[in-house]
Every structure is written in structure tokens, then in C-alpha cells.
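In what follows, a single structure is set out as C-alpha cells and then discussed.
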Amino acid sequence: MRTRTMTKLGGAAVLGLVLGLQGCGGGGGEDTSAVATKLTVNSPAQIAQESADSYDDNVNGVISGATLKRWIDDWPANRPAGLTGKLVILQVTAGPAGYEYLKSDGKNVFTYLEGGWTRYATTA
């Protein structure tokens, strides 16, 4: 079982490497006029922040269920200032029958159950 899992992980790593390298090298004719973008990397001290006394006031880190519900109900209108893109929820466990997942709208809000994206088949 361990060998099978390692083989699958190795295969995934090789696939990732091949996909990552397919745009590299030779060919010529590439547009080299693009301007380089400087990436700023902050230190842990620069990004650390204290949680609000009420989790309802947090916009990252530990948030309340009310905040999450507000975001799920209308992400484009309620997302924190400065954020763009989609709301992706990585759910740790399924809920009770009929409520297994937090509601996803398939457009702005997406939910993934932890076991759905990390487990490999264990059949022999």
C-alpha cells in the first residue's frame, strides 16, 4: 500500500514537472518586451496581526459563522476590501445528512471536502 501511494505521488510530481517545463526553452520568437514585476515578500512580523475581540470583526484568520454565511450568500458584494477572485472553502469534515457541504454556487463560491482531494484509492 505504501509503495502504491508513493508511486502515485511520484507520478503526480512528474506530471507537475512536465507541465511546468513545457513552456521552457528553445523555439525563439518569444516576446521579450514584457516588464518584470517586482515581488515583495513580507516578514512574519509584517504580516502578523492580532485577532479582533469578536470574530465577527475579523476578515481573515478565525472568522465567525455569521461572517462566512454573509460571504457565501453574496461574495462579490461582501468580500473584504482589496480582495478579488473566488471564495474557496476547504471543508474539513462533512456535515450531517442533507447538509454535507457548505453551499457552493459554482460561480463565485466553491467548496471542497478535505477527503475529496487528498485521499488515494487503497485497493490492491
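The values are calculated or read from the model by the stated rules, or taken from the named source; none is laboratory data. All of these numbers come straight from a predicted model, not from anything done at the bench. Glycine also receives a Cβ, built like all others from the backbone with ideal geometry; neighbour counts cover every protein chain displayed.
Miscellaneous remarks
- Matching residues in the range 99-121 - criterion: being exposed (fewer than 11 other Cβ atoms within 10 Å of the Cβ) and at pLDDT below 85: Tyr99, Trp117, Thr118, Arg119, Ala121
- Identification of helices (runs of 4 or more DSSP H) wholly contained in the range 27-112 with 2 or more residues that are of a type in the set (Gly, Ala, Ser) and free of Cβ contacts under 8 Å to residues at least 40 places away in the same chain yields 65-73.
- Condition met for Ser43 (surrounded by 10 or more Cβ atoms within 10 Å (Cβ to Cβ), more than 16 Å from Asn108 (Cα to Cα) and at pLDDT 85 or above): no
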